[in-house]
Amino acid sequence: MTRSNTFALALLLPVVACSPVSQPEVAANAPAGPNIAKAYVVAEINVTDLEAYRQYVQAAFPVIESYGGRFLTRGGTTVHIEGLPPAERVMIIEFESLDRAKEFEYSQAYRDIAPLRHQAAESRLFIIEGAADVASAAP
């Protein structure tokens, strides 16, 4: 298994499959339309210029929120289990769908501020689609 597969699996399974959520909360947070899976932007960040990174964060948060992004993790403690170690900061941002996550990532508003992150950190970002029905999803 590759580092990215192990890393993504280790991060997302507890969040997506094992989170204790009541039925009313699931219904209230469900995306519009039947069987639409949520999507997650995963960012691995090694900050090289803290002050510049703070400027990026200040600019990025309103854009993330405007696309309905919700932070599930944001640089908390990461426990390395096996394989290559993760970056010093790992963020997972939930969006209502893969399309919405891509709209955010490719938006002009985000593309305008992404160079701030490039100047302030080494990073790796990717989007992963969740399972629309986790209980019936094949392993």
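So is Gly75 under 23 Å from Gln119 (Cβ atoms) and modelled with pLDDT of 95 or more or not?
Criteria not met by Gly75.
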Next item on the list: Output the residues belonging to the stretch 118-133 that are part of a strand (DSSP E or B), over 11 Å from the mean Cα position of the chain (by Cα) and farther than 14 Å from Ala59 by Cβ.
Entry: Glu122, Ser123, Arg124
Next item on the list: Identify all residues within the stretch 57-84 that are part of a loop (DSSP other than H, G, I, E, B), within 14 Å of Val42 (Cα to Cα) and among the β-branched types (Val, Ile, Thr); write none if there are none.
Entry: Thr78
Next item on the list: For Ala114, work out the one condition from (1) among the aliphatic types (A, V, I, L, M); (2) in contact (Cβ under 8 Å) with a residue 40 or more places away in the chain; (3) closer than 19 Å to Thr48 by Cβ it doesn't fulfil.
Entry: (2)
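Let's see how each residue does on (1) modelled with pLDDT under 75; (2) under 16 Å from Ala132 (Cα atoms); (3) of a type in the set (A, V, I, L, M):
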| residue | (1), (2), (3) |
| --- | --- |
| Thr6 | yes, no, no |
| Ala17 | yes, yes, yes |
| Ala27 | yes, yes, yes |
| Pro31 | yes, yes, no |
| Tyr40 | no, yes, no |
| Glu44 | no, no, no |
| Val47 | no, no, yes |
| Gly68 | no, no, no |
Notebook entry, point to check: In this structure, does Thr73 turn out to be crowded, with 16+ Cβ neighbours inside 10 Å, without any contact (Cβ under 8 Å) to a residue 40 or more places away in the chain and hydroxyl-bearing (Ser, Thr, Tyr)?
Noted result: no
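Within the bounds of the stretch 34-50, is there any residue that is among the aliphatic types (A, V, I, L, M), surrounded by 16 or more Cβ atoms within 10 Å (Cβ to Cβ) and part of a loop (DSSP other than H, G, I, E, B)? Full working, then the answer.
Initial filter on the stretch 34-50 (among the aliphatic types (A, V, I, L, M)): 36-37, 39, 41-43, 45, 47, 50.
Still in the running and surrounded by 16 or more Cβ atoms within 10 Å (Cβ to Cβ): 36-37, 39, 41-43, 45, 47.
Within this subset, residues satisfying the condition of being part of a loop (DSSP other than H, G, I, E, B) are 36-37.
Yes, that holds for at least one residue.
One line per residue, one yes/no per condition, for (1) surrounded by 16 or more Cβ atoms within 10 Å (Cβ to Cβ); (2) in contact with an Asp or Glu (Cβ under 8 Å, 6 or more places away or on another chain); (3) part of a helix (DSSP H, G or I):
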| site | (1), (2), (3) |
| --- | --- |
| Pro86 | yes, yes, no |
| Ile93 | yes, no, no |
| Asp99 | no, no, yes |
| Lys102 | no, no, yes |
| Ala109 | no, no, yes |
| Asp112 | no, no, yes |
| Leu116 | yes, no, yes |
| Ala135 | no, no, yes |
Notebook entry, point to check: What single numbered condition from (1) in contact with a Lys or Arg (Cβ under 7 Å, 6 or more places away or on another chain); (2) over 25 Å from Ala131 (Cα atoms); (3) among the hydroxyl-bearing types (Ser, Thr, Tyr) fails to hold for Tyr110?
Noted result: (1)
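The values are calculated or read from the model by the stated rules, or taken from the named source; none is laboratory data. Predicted model, so just to flag it, every value in this text is computed and none were measured. We place every Cβ from the backbone using ideal geometry, glycine too, and count neighbours over all the protein chains shown.
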